[in-house]
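No value in this document is a laboratory result; all are computed from the given coordinates. Note that the structure is predicted; figures quoted are calculated from it, not measured. Here the Cβ is made from the backbone with ideal geometry for all residues, glycine too, and neighbour counts use every protein chain on show.
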Amino acid sequence: MYRFSKATEELRTSEIRDLMSLAIRPDIITFAGGMPGNDLFPIAEIDKIYNSLPEKIKQQAFQYGPTPGYPPLLESLKEFLRKKGLPVDENKLLITTGSLQAINILAKIFVDPGDEIITEYPCFIGAISAFKSYGAKIIPVPIDEEGILTEPLKKEINKTIAPKFLYITPYFHNPAGIIYSEKRKEQLIELLRNTNLPLIEDDAYGDLYFHKEDSHRVQPIKALNPKGVSICYTGSFSKILGPGLRLGWMLVPEEIYVRAELCKQAFDACSPTFTQVIADEFIRSGAIYPYIERLRNEYLLRAQSMISELKKHLPQYVKWTEPRGGFYIWLILPEGTDATDILKEAIKKGAVLVTGKTFDPEAKKNNAIRLAFSNTTIEQIEKGIPIVADAIRKICG
Ligand SMILES: Cc1ncc(COP(=O)(O)O)c(C=O)c1O
């Protein structure tokens, strides 16, 4: 018998993964994957970038690189982040292997087994798994359409033994699709001020707003540089270039950076130099800006199509918020519904989705569904949403 660690005993294989193996029919329509559109990757731009690289840089691209990141990328990314108003000069930037690695590193440097940490409910499953893998006890605090609820959060923050950190995804939340209101951000800052509770601000989707007037609403809390609040800001190239590059970052106070860099040395020594070279040129050439603009327009069309189909087909009792960016729509079903039954029914008819309990740190609450519109065509949305709606009616009445 192997004597595995307690922390990894807590990790669960998702029931979804097992059901997904049933969903391999080529005609199945999938609203399940939280991934960019395959048809949207900037393949031609990247071909051009790679082909025009000098031989010496190509050689460097195949080589190991420094742990903090490929130096030219650290510079160009700083510029990219400075444009969002982020305080890049007063903090340190670390390139990571996807932002999930940034989340893992932060969990590793803060969490001892049994320590409490706070997340939103619902919460990104990758973060739940990362936190659990270090033995964290997760305290989920619910969100509404404006962000995390401050009253229950206040109770958790004021406990005698305070949790180690708070993790949130304020911009086009995964899975809930919402964006924090200005008011909620301000309330959150006031709650956190001088509490010694670090905030992990996960900004994987903030660039993907659909409406110009929201460009200020995606301004990170970190960019406000609030006094007395320590913020670890994480971001990613996954949704604005491609997850296959496996590149993300953290922008953190120096003291946290020193620990994080030591951890990263132990994890993987460096993130792929090859993709860092590509990402650097993608920013430096300016190609990233029109590309993100194209993504915003394209995802808006997909979201609009899903919104219109949902309005046409969903029963009134399903509650949901129209997304203003990102990849997701979160359907809240009547209390007591088991969304797994809906998933089974939808798979039979040819559509796949993700059930609510996947995003519950306690893996219990299952009266919700996440639909992703990012990697489906409008034709698939028009065909697939009636299937989902029929499955909901069949199970919920
Ligand atoms: C909210 C959120 N944070 C972080 C990530 C991690 O992305 P990556 O590790 O590809 O940067 C994801 C991926 O889906 C996500 O949805």
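Data overview
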read-out	value
For the chain, calculated [θ]222 nm from helices alone, where every DSSP H run of n ≥ 4 adds -39500 (n - 2.57)	-12500 deg cm²/dmol
For segment 1-150, with +1 on Lys and Arg beta carbons and -1 on Asp and Glu, the positive-most of ILE118, MET1, GLY34 along the dipole	MET1
DSSP H segments from the chain that extend 24 Å or more along their own axis, Cα-based, with Kyte-Doolittle mean of -0.5 or above	378-396
Sites THR150 and GLU182 - FRET efficiency at Förster radius 22 Å, r taken between beta-carbons, to 0.05	0.95
Around SER271: net Lys/Arg minus Asp/Glu count, Cβ-Cβ under 15 Å	-1
Of the trypsin sites (Lys or Arg not before Pro) in segment 202-308, those whose Cβ has at most 10 other Cβ within 10 Å and which sit in DSSP loop	LYS227
Inter-centroid distance (Cα atoms) of segment 57-98 relative to segment 280-296, Å	16
DSSP-defined antiparallel bridges as percent of all bridges, the chain, nearest 5	55
Per-residue Cβ neighbour rank within 10 angstrom, fewest leading, TYR317, TYR257	TYR317, TYR257
Förster radius 30 Å - calculated FRET efficiency between HIS216 and ASP390 (Cβ-Cβ, nearest 0.05)	0.15
Gyration tensor (alpha-carbon) shape descriptor, segment 102-203, a/c threshold 1.5	oblate
For the chain, size of Cβ-based charge dipole, Lys and Arg +1, Asp and Glu -1, in debye	320
GNM top mover of GLU261, GLU190, GLU213 - the chain, alpha-carbon springs below 10 Å	GLU213
Low-density loop positions, GluC sites (Glu not before Pro), segment 322-381 - DSSP coil, at most 13 other Cβ in 10 Å	GLU335, GLU362
Linear extension gain, TYR317 paired with GLU190, 0.36 nm per residue minus alpha-carbon span	42.2 nm
Beta bridges by DSSP in segment 110-161, antiparallel share as percent, to the nearest 5	25
Point-to-point label distance, LYS344-SER52, nm (Cα→Cβ direction, 7 Å offset)	5.6
Per-peptide average of other Cβ atoms within 10 Å, ordering 43-49, 160-166 highest first	160-166, 43-49
Fraction of beta bridges assigned by DSSP in segment 63-284 that are antiparallel (%, nearest 5)	45
Count of lysine pairs in segment 1-135 with Cα separation under 21 Å (8 or more residues apart, or interchain)	9
Efficiency of FRET between ASP39 and GLN59 - r from beta-carbon atoms, R0 41 angstrom, step 0.05	0.80
Compactness of the chain - radius of gyration and Dmax, Cα, Å	20.9, 65
Ranked packing of 26-36, 176-186, most packed first, by mean Cβ within 10 Å	176-186, 26-36
Cα lying deepest toward the dipole's positive end in the chain, options GLY69, MET306, GLN276, charges on Cβ	MET306
